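Chemist: Please see the structure below; I have some questions.
Since every read-out is calculated from the coordinates, none of them should be taken as a lab result. None of the values given here were measured: they were computed from a predicted structure. Heads up, the Cβs are rebuilt from the backbone with ideal geometry, glycines too, and the neighbour counts pull from every protein chain shown.
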There are 2 protein chains.
Amino acid sequence: MTKNCNFIDKLREAGLRPTKQRVKICEILFNREKTFHFTINDLAKKISEDLNEKISLATVYNTVHAIQKKGYLKEIAINSDKSYFDTNTTAHHHFYDEDTHELIDCDQSNIDSINVKNNITGKKINSVEVLIKVASDNQNHN
Amino acid sequence: MTKNCNFIDKLREAGLRPTKQRVKICEILFNREKTFHFTINDLAKKISEDLNEKISLATVYNTVHAIQKKGYLKEIAINSDKSYFDTNTTAHHHFYDEDTHELIDCDQSNIDSINVKNNITGKKINSVEVLIKVASDNQNHN
DNA sequence: TTATACATTATAATTATTCTAAACTATTGA
DNA sequence: TCAATAGTTTAGAATAATTATAATGTATAA
Ligand SMILES: [Mn+2]
Ligand SMILES: [Mn+2]
Ligand SMILES: [Zn+2]
Ligand SMILES: [Zn+2]
């Protein structure tokens, strides 16, 4: 998923037409070693930095959502200001740095597996995820 | 915190002038047996139902944020559409019903205490909370 | 190659939230 | 008691993220 291969086939397999814009966005998102946590704004900024041509904001939204619906991106709820997306689509936990507003993956081995003893009746569990909010150690002591 | 007492003293203790609007909002929020999870919109709707007089939306926002800053309300990040607030300010986990968009407290005894083995260097942990997303058992099987 | 379905785009609309500034009210301390 | 003051409420404007619209452009199947 993070190899420098062509995304034309990948997109096609997902039933998404491999347009220039989609291929470029996939390159940015998936041609990397590490997980990428981003907001639409982060991505749009990265596009305009990396690219000579521009991609309209509507297309960035459309493409990210299309890729997400196919299961290649995960949306993470951190605050109500904006949506965060994650190229790591596996079930995993996060650190959220309240100083930098940065999301950091928390290795599964870092937290023992969570057992929910009693679930809501008639419902099935879709995900169980931990959010660890961290901040600088030297805070202002009023 | 959930007794039918006067909120005039409570607000005053918190350094908030006990205005008519604030007292009314506190009654709605805290004069109840169970935890209340709500969005600003939920609360505004409840106010207009319960009350003959109206409270402006700006005041609802102002008041909820003022109460939250004093530590009597907690903000919960569930999705990026809107903010959720919680009258239960203790550290606790949640179920989120993706069908009804309802937040439900998860009893601490329902999940064994979570131990984060390795924290981010130079940061302190402010909270560790679990979000369990649930949905109806009988989903559409395409 | 051509028709068609799908995608991109600029721009408008929507929604949650915050800001502004004027009118109002609770509190303080003469 | 009662102004002076500081804080509060309010309608409405502004902002910011996101979604909708509709015209134009492009990928693909036949
Ligand atoms: Mn927010
Ligand atoms: Mn949204
Ligand atoms: Zn992640
Ligand atoms: Zn709760």
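For every residue, the table says whether it meets (1) surrounded by 15 or more Cβ atoms within 10 Å (Cβ to Cβ); (2) in contact with a strand residue (DSSP E or B) (Cβ under 8 Å, 6 or more places away or on another chain); (3) of a type outside the set (S, T, N, Q).
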site: B:Ile8; (1), (2), (3): no, no, yes
site: B:Ala14; (1), (2), (3): yes, no, yes
site: B:Lys24; (1), (2), (3): yes, no, yes
site: B:Ile28; (1), (2), (3): yes, no, yes
site: B:Arg32; (1), (2), (3): no, no, yes
site: B:Ala66; (1), (2), (3): yes, no, yes
site: B:Ile76; (1), (2), (3): yes, yes, yes
site: B:His94; (1), (2), (3): yes, yes, yes
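Chemist: Hey, another quick one. Out of the residues in region B:77-95 meeting the condition of being in contact (Cβ under 8 Å) with a residue 24 or more places away in the chain and within 16 Å of ligand 2 (Cβ to nearest atom), tell me which one is nearest to A:Ile78 (Cα to Cα).
Modeler: Here is the first cut: in region B:77-95, the ones in contact (Cβ under 8 Å) with a residue 24 or more places away in the chain are B:78, B:82-88, B:91-95.
Imposing the further condition that a residue be within 16 Å of ligand 2 (Cβ to nearest atom) reduces the set to B:78, B:82-84.
Details: B:Ile78: 7, B:Lys82: 11, B:Ser83: 10, B:Tyr84: 12 Å.
Ranking the candidates gives B:Ile78 first.
Chemist: A:Ile120 fails exactly one of the following numbered conditions: (1) in contact with a Leu (Cβ under 8 Å, 6 or more places away or on another chain); (2) within 16 Å of ligand 4 (Cβ to nearest atom). What is the number of that condition?
Modeler: The one condition A:Ile120 does not meet is (1).
Chemist: So for region B:76-83 (the condition being under 14 Å from the mean Cα position of the chain (by Cα) and β-branched (Val, Ile, Thr)), does at least one residue qualify?
Modeler: The answer is yes, given that some residue of region B:76-83 is under 14 Å from the mean Cα position of the chain (by Cα) and β-branched (Val, Ile, Thr).
Chemist: Next up: Select from region B:27-81 the residues that are aromatic (Phe, Trp, Tyr) and within 14 Å of chain A (Cβ to nearest Cβ) and list them in ascending order.
Modeler: Restricting attention to region B:27-81, the residues satisfying the condition of being aromatic (Phe, Trp, Tyr) are B:30, B:36, B:38, B:61, B:72.
Scanning region B:27-81 gives B:Phe38, B:Tyr61.
Chemist: In addition: Out of A:Ile125, A:Ile132, which single residue is surrounded by 14 or more Cβ atoms within 10 Å (Cβ to Cβ), closer than 23 Å to B:Asp97 by Cα, of a type outside the set (Lys, Arg) and within 8 Å of chain B (Cβ to nearest Cβ)?
Modeler: Working: A:Ile125 fails: surrounded by 14 or more Cβ atoms within 10 Å (Cβ to Cβ).
Result: A:Ile132 is the single residue among A:Ile125, A:Ile132 that is surrounded by 14 or more Cβ atoms within 10 Å (Cβ to Cβ), closer than 23 Å to B:Asp97 by Cα, of a type outside the set (Lys, Arg) and within 8 Å of chain B (Cβ to nearest Cβ).
Chemist: Just to be sure I understand the filter: pairs with C-beta atoms under 9 Å, separated by 6 or more residues or on different chains, first member in region B:11-23 and more than 17 Å from B:Leu73 (Cβ to Cβ), second member away from ligand 1 (no atom under 16 Å from the Cβ) and part of a loop (DSSP other than H, G, I, E, B). Which pairs pass?
Modeler: Filtered contacts from region B:11-23: B:Arg12/B:Pro18; B:Lys20/B:Glu53; B:Lys20/B:Ile55.
Chemist: So, one more: With a cut-off of at least 3 residues that are in contact with a Lys or Arg (Cβ under 6 Å, 6 or more places away or on another chain), name the strands (runs of 3 or more DSSP E) lying wholly within region B:93-142.
Modeler: Working: elements: B:93-97, B:102-106, B:123-136.
In region B:93-142, B:123-136 are the strands (runs of 3 or more DSSP E) which contain 3 or more residues that are in contact with a Lys or Arg (Cβ under 6 Å, 6 or more places away or on another chain).
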